[in-house]
Amino acid sequence: MKNNTNTNNTDKENKTNWHRLWGLMIAPLFERLKCEVTVEFDLSLKSQLLDMVVVTKLEDEPINFDGVNPDYYEGFENLNLHNLISFKSFNESFNQTAIEEFYGHFTNYKKMNNLEDKEEKINLYAVTHHFPEKLFSRYKNTKFLECITENRIYDFKVFTPVRFIITNNFDHPILGLFSNKTEQIIKSTERLKKDGWLLKKVSSYINELYNHYSLEGVNMPYTHEMFLKDHFPPEFHAQFMLGKEKGFQEGEKKGEKKGEKKGELIGKIQLLQQILKKTVSIKTELLAKNISELQSQYDSLEKEWLNVQN
């Protein structure tokens, strides 16, 4: 009998990566609205992660949406003091099991934050690529399902209300990037480039998103390399490409497919060192490191860059 353990672990890891990436890219929107955001909020001693918790800290006054175009927060206009968000990507569905799990997260969150008698201060949001046809069909034409915007936003009022935001064919600057559709991704990308402020905060994740789509066989039209061309001096892009090509050549010599990945990391590390105007490792030191060491150094520099951006 064939052992599928490795395959199952890979599928689980890929799902986790999609959710984490979505959370990291949408978080700056809520932070701009002066909310406190936690991505992958741990709800138990045994790992049980909710995709996002948004706390407004504005109990006595409404959120000030001035300065943010309404299509950025479409569906989230009614943010509460506490907001729990569950996300489903294009390779998942929000079904009966998913809603039951979400209610479980809701119950745990109330207990952890002493809000068991303050349910009115908590909103639930389900952000999902696919229209939840099977779940909604049971409540069609009843008081338990209210259409806010056709095929896009619905209030599901069974037990505790859940606001559903369907992202398929949604040109949202961030949500559209997770659509799995090239045309929609392009529209969202163009909007990000036009507005500027959000792109600066999520640019470091663009390349990771591209890699995810590559694994799914989807052509991502706006890569990390394109971002460098658009927003940094030519020498930065040249340095990035040089490092990537160098790694590829080394990989060819050694017969290692990981060579290109190593070169790409070296290029990105050198780029961030130039942007931050600090030298952590010179090129010869970088070439001597393995991929894990390079990834760790890149993550550290990326975190520092994000702190500067914020």
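The values are calculated or read from the model by the stated rules, or taken from the named source; none is laboratory data. This structure is a prediction, so every number in the text was calculated from the model and none was measured. No Cβ is skipped: glycine too gets one built from the backbone with ideal geometry, and neighbour counts run over all protein chains shown.
From the set of residues in segment 22-38 that are touching a helix residue (DSSP H, G or I) at 6+ places or on another chain (Cβ under 7 Å) and either surrounded by fewer than 21 Cβ atoms within 10 Å (Cβ to Cβ) or acidic (Asp, Glu) (or both), which is nearest to residue 87 (Cα to Cα)?
Selected residue: 24.
Across segment 48-89, what is the number of residues that are out of contact with any helix residue (DSSP H, G or I) (no Cβ under 7 Å at 6 or more places or on another chain), among the hydrophobic types (A, V, I, L, M, F, W, C) and buried (at least 16 other Cβ atoms within 10 Å of the Cβ)?
7
Within segment 176-186, how many residues are assigned to a helix (DSSP H, G or I), buried (at least 20 other Cβ atoms within 10 Å of the Cβ) and of a type outside the set (Phe, Trp, Tyr)?
Total meeting the criteria: 4.
Only one residue in 106, 94, 102 is surrounded by 18 or more Cβ atoms within 10 Å (Cβ to Cβ), assigned to a loop (DSSP other than H, G, I, E, B) and at pLDDT 90 or above. Which one? Even if it seems obvious, please write down each step before you answer.
Details: 106 fails: assigned to a loop (DSSP other than H, G, I, E, B); 102 fails: assigned to a loop (DSSP other than H, G, I, E, B).
Of the residues listed, the single one that is surrounded by 18 or more Cβ atoms within 10 Å (Cβ to Cβ), assigned to a loop (DSSP other than H, G, I, E, B) and at pLDDT 90 or above is 94.
Identify all residues within segment 128-147 that are aliphatic (A, V, I, L, M) and at pLDDT 95 or above; write none if there are none. Please lay out each step first, then the result.
Looking only at segment 128-147, we keep the residues that are aliphatic (A, V, I, L, M), and these are 135, 145.
145 - this is the single residue of segment 128-147 that is aliphatic (A, V, I, L, M) and at pLDDT 95 or above.
Of the numbered conditions (1) under 27 Å from residue 181 (Cβ atoms); (2) within 20 Å of the chain's Cα centre (by Cα), residue 105 satisfies every one except a single condition; which is it?
(1)
Can you tell me how many residues within segment 124-175 are touching a residue at least 12 places away in the same chain (Cβ under 8 Å) and in a helix (DSSP H, G or I)?
4
What do you reckon, is residue 115 assigned to a loop (DSSP other than H, G, I, E, B) and either closer than 22 Å to residue 92 by Cα or of a type in the set (A, V, I, L, M, F, W, C) (or both)? Break it down into steps so the answer makes sense when it comes.
Values: assigned to a loop (DSSP other than H, G, I, E, B): yes; either closer than 22 Å to residue 92 by Cα or of a type in the set (A, V, I, L, M, F, W, C) (or both): yes.
In short, yes.
Just to verify a result, which residue in segment 87-105, among those that are out of contact with any Ser or Thr (no Cβ under 8 Å at 6 or more places or on another chain) and not charged (D, E, K, R), is farthest from residue 169 (Cα to Cα)?
So the residue we want is 104.
Out of all the residues in segment 52-75, which are part of a loop (DSSP other than H, G, I, E, B), under 25 Å from residue 114 (Cβ atoms) and in contact (Cβ under 8 Å) with a residue 40 or more places away in the chain? Even if it seems obvious, please write down each step before you answer.
First pass over segment 52-75, keeping only residues part of a loop (DSSP other than H, G, I, E, B): 56-69, 73-75.
Narrowing the set further to residues that are under 25 Å from residue 114 (Cβ atoms) leaves 56-63.
The one that is part of a loop (DSSP other than H, G, I, E, B), under 25 Å from residue 114 (Cβ atoms) and in contact (Cβ under 8 Å) with a residue 40 or more places away in the chain: 59.
Scan segment 274-310 for residues that are within 26 Å of residue 199 (Cα to Cα), crowded, with 17+ Cβ neighbours inside 10 Å and modelled with pLDDT of 75 or more and report the count.
Going through segment 274-310 one residue at a time, the tally reaches 4.
State whether the residues of segment 19-41 include one that is at pLDDT below 80, part of a helix (DSSP H, G or I), in the same structural domain as residue 98 (by TED's automatic domain parsing) and charged (D, E, K, R).
Yes: segment 19-41 contains one or more residues that are at pLDDT below 80, part of a helix (DSSP H, G or I), in the same structural domain as residue 98 (by TED's automatic domain parsing) and charged (D, E, K, R).
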